[in-house]
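Quick notes on the structure that follows.
Every number in this text was worked out from the coordinates using simple rules, so none of it is lab data. Keep in mind that what you see is a predicted model, and the values were worked out from it rather than measured. Here the Cβ is made from the backbone with ideal geometry for all residues, glycine too, and neighbour counts use every protein chain on show.
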């Protein structure tokens, strides 16, 4: 997604695909140094994604979505909490002491979270949040992501 185009749901979905691709590359990597580099990219991307989603997308969605979807969003925030704790543990281990197993656990949490969002939250939000608001949210979220990642890392990941 290029800056100025798309909407918040497209941005979040693109983040999901990027992280899935990084996990695949991580699992295929045979070089330990390359695997650590990919793990670091995954952790960084997930941290930025969760922060922008929690600060911008979720609050707006909570204003418009159905009660069932609000419960899923609250569950998603809980999943973010689990994810953040695991990310902290992996970073604290400095990629030692079983971090590969922790990365598999993280992938499982992320996979479940993505399925719930893309299967339920996003379709409801897309129907209830006005199109212009979704575009505005995307611009805000890209700015937040740039602030979290820093300009160089933001450019490196392509948005």
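Quick notes on this one:
- Working from Cα pairs under 8 Å separated by at least six residues, relative contact order for the chain is 41 percent.
- Folded to 0 to 90 degrees: helix 8-28 orientation relative to the chain principal axis, Cα: 20
- For the pair residue 63 and residue 104, label points projected 7 Å from Cα toward Cβ lie 4.4 nm apart.
- Angle in degrees between helix 32-52 and the longest Cα principal axis of the chain, rounded to the nearest 10: 20
- Nearest 10 degrees, 0 to 90: helix 99-116 Cα axis against the chain principal axis: 20
- Diffusion coefficient (Stokes-Einstein, Kirkwood radius over C-alpha pairs, 20 °C, 1.002 mPa s) for the chain: 133 µm²/s, rounded to a whole number.
- Here the label points at residue 10 and residue 71, each 7 Å from Cα along the C-beta direction, are separated by 3.3 nm in the simple model.
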